[in-house]
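Before any comments, here is the structure.
The values are calculated or read from the model by the stated rules, or taken from the named source; none is laboratory data. Since we're looking at a predicted model, the values are computed, not measured. Ideal geometry is used to build each Cβ from the backbone, glycine not excepted, and the neighbour counts take in all protein chains shown. Keep in mind that these areas ignore ligands, DNA and RNA; they rest on the heavy atoms of the full protein, side chains included. Shrake-Rupley method; radii C 1.70, N 1.55, O 1.52, S 1.80 Å.
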Amino acid sequence: MFTLSLNQRAALLSVVILLVGLLVWEAAIPAQKAVGELTEYEILTGGGQPKAGVPAPSQVLVKAWEQLSDPFYDAGPNDKGIGIQIGYSIYRVLTGYFLAALVAIPLGFLIGMSPVAYKALNPFIQVLRPISPLAWMPLALFIIGDSEASAIFVIFICSIWPMLINTAFGVAGVREDWVNVARTHELGAFKTAFLVILPAAAPTIVTGMRISIGIAWLVIVAAEMLVGGTGIGYYVWNEWNNLDLTSVVFSILMIGVVGMMLDSMFAYLQRRVTYVE
Amino acid sequence: MKPYLSIENLTQKFPDGAGGELTVFENATFGVEKGEFVVILGHSGCGKSTIMNILAGLADPTSGVVVMDGQEVKGPSLDRGVVFQNYSLLPWLSTLKNVSFGVAARHPEWTKAQVAEHSTKFLAMVGLEGDVIRRKPSQLSGGMRQRVSIARAFANHPKLLLLDEPFGALDALTRGTIQDELLKIWGQMEQTVFMITHDIDEAILLADRILLMTNGPQARVAESVEITIPRPRNRTEIVEHPNYYAIRNHLVQFLGKRSKELSGQPTEPGQSNKPTTVRIDKTDPQDDPEDKRPALRAVNS
């Protein structure tokens, strides 16, 4: 009798849950009714066509294979491979996200170091933070004029807050003793910031960055549904308009997979900067 | 002539929260000579740590000055190394890096190899060698962490080394070992040390001179007790020295009774609170052996 490790048992259970879930899903999809004798009128109006319905997992798998075997084809504005669509989304997310990081982390440092800056900026942050990022969209479209840049702006504005607040919180919470160590070693402001405060606050800052990338990936789908053209969000909406539910289900899964990959990148970074006191 | 480190009319007042002022200590005046090991003893709340922070340059006094080696102390400096009670190691750096970042700050012109070699040498002096120096502080015991902190301070060879209750958080056995190591390394380096402690035996073992503080508020440095036990000292041998219990009793008496009686006396303006020098020496032939009272001579300096 051999025993399995905790991870092996968990993996086994995951596979069982997946298989059972897929079987239940497959079984729950009603079979298409057999088509009887059709009148000429029914044939002309497409009555013999299978009705649109939620696809079975086997159909989704076929679709996934078809799409993933050629992810980068480009057959015109409304027919691009899943790889291209996801690529556009990731490009927008990362652009908006890194612009946000460029603003949020230095500003968070300032707010964390200076109680005056904290108190002065806090009311603005508290009012701006709860605004749904999509609410900015009309204003962004009007002022920026370009739908692509507006989507990036929406990502920027939604990912800035967790990073800003966590950076400020992390920097303000750096232990006085560590700052005193820097002071007694005559480290200048620049060296203190990079050698002591940044590593001390890094776990909190990276947590903020991880929350932000999660929010940015949630928001990009909605933003692309609005602005259209390209991207995974547009793709979902376009396939809905085409009544191709198999593609819709497939792209929902892809959104999940990419979101998980983005998150695990930051999880890795988080493990790298975490320290034990 | 001024002593190497001269504390002149140091006063610290804090707002008491009710609109008034709380005087922690007033017109404290004392000196520390070069190479001297001075320990300050007193109850909690008498302002020992405040004095320490002022000497380190981490806090500013309400009035008064600290002069070291002819220069007024303003702000923290590499010339004054501090060993904090809670070690204050940077947890994201390895043991070696915790020491070498200080060495690199002290000697910016050194190469990386020189910095590493110097740091390794000082870690070895406190008994940390081999694999241990690549560990993070969280993987070390409390005693080892404090050793790292001591190595970091000595490696920088500051003009003045400040120790803020360095052994307060350690168990008695570890404390003993590290005290011995501290004595050894101090003997090699001729380092000027100013240390805070609560522990009377520790103070007698380590110090050339013990400053006694009265209870706060309005505390003052009341006495300066010379430790007339020759070096090198050893914890098992000093207890047999005729002066040991005489000095110890004097310190216990002070902390137990007189620190309370002497406290809270406001000083007149302009008067500086110099401590009374106390020298207890039973081996001194001048002392009358018939005298049954504790051999105690108070000398006003």
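Go through the residues of segment B:240-258 one by one and say whether even a single one is assigned to a loop (DSSP other than H, G, I, E, B), open to solvent by less than 70 Å² (accessible area, probe 1.4 Å) and modelled with pLDDT under 85. No, the conditions are met nowhere in segment B:240-258.
Pairing each residue of segment A:149-178 that is within 14 Å of chain B (Cβ to nearest Cβ) with any residue that is not in a helix (DSSP H, G or I), provided the two are 6+ apart or on different chains, yields C-beta distances under 7 Å for A:Asp177/B:Phe84; A:Asp177/B:Asn86; A:Asp177/B:Ser88; A:Trp178/B:Ser88; A:Trp178/B:Leu90.
When you check A:Phe98 against the structure, is it open to solvent by 80 Å² or more (accessible area, probe 1.4 Å), closer than 21 Å to A:Gly214 by Cβ and not in a loop (DSSP other than H, G, I, E, B), yes or no? So A:Phe98 passes the test.
Among the listed residues B:Gly64, B:Gly75, B:Gly45, which satisfies the condition of being under 22 Å from the mean Cα position of the chain (by Cα), part of a loop (DSSP other than H, G, I, E, B) and over 19 Å from A:Glu186 (Cα atoms)? Exactly one residue qualifies, and that residue is B:Gly45. Specify which of the listed residues (A:Gly188, A:Gly145) is free of Cβ contacts under 8 Å to residues at least 24 places away in the same chain, within 14 Å of another protein chain (Cβ to nearest Cβ) and of a type in the set (Gly, Ala, Ser). After ruling out the rest, the residue left standing is A:Gly188. Do we have B:Gln218 as touching a strand residue (DSSP E or B) at 6+ places or on another chain (Cβ under 9 Å), open to solvent by 20 Å² or more (accessible area, probe 1.4 Å), among the polar types (S, T, N, Q) and modelled with pLDDT of 80 or more here? Taking the combined requirement at face value, the residue satisfies it. Screening B:Glu117 with (1) in contact with a Lys or Arg (Cβ under 6 Å, 6 or more places away or on another chain); (2) within 13 Å of B:Ala155 (Cβ to Cβ) gives one miss only, at (1).
The set of residues from segment B:58-88 being facing chain A (nearest Cβ under 8 Å), buried (at least 18 other Cβ atoms within 10 Å of the Cβ) and not hydroxyl-bearing (Ser, Thr, Tyr) comprises B:Leu58, B:Pro76, B:Arg80, B:Gly81, B:Val82, B:Phe84.
Contact map, segment A:263-276: first residue within 13 Å of chain B (Cβ to nearest Cβ), second residue part of a helix (DSSP H, G or I), Cβ cut-off under 7 Å, separation 6 or more or different chains; pairs are A:Val273/A:Ala202; A:Val273/A:Pro203; A:Val273/A:Val206; A:Thr274/A:Pro203; A:Val276/B:Ser138.
Under the condition of being within 14 Å of chain A (Cβ to nearest Cβ) and of a type in the set (Phe, Trp, Tyr), the residues counted in segment B:89-122 number 2.
All conditions in (1) outside any helix (DSSP H, G or I); (2) within 13 Å of chain A (Cβ to nearest Cβ) hold for B:Arg152, with the sole exception of (1).
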